[in-house]
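The structure under discussion appears below in the form of structure tokens.
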Amino acid sequence: MNWIIASVVAAFFQNLRFSLQKNLNKKISIIASTYVRFVFALPFSAMLFFYFFSDIELIKSFLTNNEFITFAILASATQIIFTFILLYLFQFSNFVIGTSLSKTEVIQIVLLEFLILGDKLNFITTFGILISTLGVIVFSVKDVKLFFEGITSKTTLVGILSGFFLGLSVVLFRGAALSLDNINSNFDKALITLFFGLCIQSFILTVYLLFLERDQFSKILENKVQCLSAGASGFLATLSWFYAFTLIQSSMVRAIGQIELLFSYFSSKYLFREKTKSIELLGIFIFVSGVIIILLNR
């Protein structure tokens, strides 16, 4: 039951972060906004990490765990690659098609978890994941005619590739957490993985901004309160994701976590005053049906 609660909490805070960044994106570049996601979450992670792990020898054991370090570096890098591919999608006039197909990440996770970690799901649970993913895609499409007109375009491939790298990062982060054999607490495993992942990602994107978008640092400081809010919500979201990953297969966590679309629906309707389309309601219905199948056969 804990993994379901953690998944829903993660989805809630992730949607909150997206809502905060939606306004932030108007003031800073998209890469800088991505940077905010990591670097402003790092202080919260660091405080919690050093509160729980003040023993230098124990910290050394993490750094000498080659399996953990390999998984953490690869996961951090693939998550950044996913971000860049997603940004590339926005250059296309029909980017909605690509972003919709990037939602296939959960289906891809099922295969990636089997290939990398050896995890398996039963047929009915896999079917539930397929149904819930279809619901998310339908919710994201908005314009069915446009979607089918552009299904054979380059955007389709880029969208699926985006989902692949997101799914790969999820599986690798789970692999990193599970490789911490000397740690008994699942929460501690999640916290350690989050802290080291954020350190790696913050370093990579700091270097990027220093060389290519240095002017963004002043803009970030001008909006530090919003950045801090986005970082805090991002920290809570990611910690909840990672904790859930230590409890059960990440494919199931991400499938349930797509309840984020319900949060997205309510925030777009009541916070941003956007009109609701019938296709969005259909997508929610299909998604909920898939989730029920998953929960009944977990």
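Please treat every number below as a calculation from the coordinates, not as lab data. The model shown is predicted, which means the values in this text are computed figures rather than measured ones. Reconstructed Cβ throughout: ideal geometry from the backbone, glycine too, with neighbour counts over all protein chains shown.
Ranking request for peptides 33-41, 283-291, 221-229, 115-123: highest mean number of other beta-carbon atoms within 10 Å first, then the rest in descending order.
Numbers: 33-41: 24.9, 283-291: 19.0, 221-229: 15.2, 115-123: 12.8.
My ranking of the peptides, most packed first, is 33-41, 283-291, 221-229, 115-123.
Shape call for the chain from the C-alpha gyration tensor, a ≥ b ≥ c root eigenvalues: rounded (a/c under 1.5), prolate (a/b greater than b/c) or oblate?
Oblate, since a/c reaches 1.5 and b/c is not below a/b.
Using only Cα atoms, locate the centre of the range 189-256 and the centre of the range 30-72, then give the distance between them in Å, rounded to an integer.
10 Å
Cβ neighbours within 10 Å, averaged per peptide: list 74-84, 45-55 in order, most packed at the top. Present the calculation step by step, with values, prior to reporting the outcome.
Numbers: 74-84: 20.3, 45-55: 13.9.
Result, highest mean first: 74-84, 45-55.
Quote the relative contact order of the chain in percent (integer), defining contacts as alpha-carbon pairs under 8 Å separated by 6+ residues.
41 percent
Each label point is 7 Å from the Cα along the Cα-to-Cβ direction; what then is the distance between the points at K219 and K60, in nm?
It is 4.5 nm.
Indicate the helices, whole DSSP H runs only, in the chain that combine a mean Kyte-Doolittle hydropathy of 1.0 or more with a Cα extent along their long axis of 30 angstrom or more.
Working: long enough: 2-24 (32 Å, 0.62); 66-89 (34 Å, 1.65); 154-178 (36 Å, 1.56); 186-212 (39 Å, 1.64); 224-245 (31 Å, 0.92).
Passing helices, by number: 66-89, 154-178, 186-212.
Are any of the pairs K103/K277; K189/K219; K22/K224; K120/K189; K27/K103; K224/K277 more than 25 Å apart by Cα-Cα distance, and if so, which? Working shown, then result.
Values: K103/K277 19 Å; K189/K219 35 Å; K22/K224 15 Å; K120/K189 22 Å; K27/K103 27 Å; K224/K277 35 Å.
Beyond 25 Å between Cα atoms: K189/K219; K27/K103; K224/K277.
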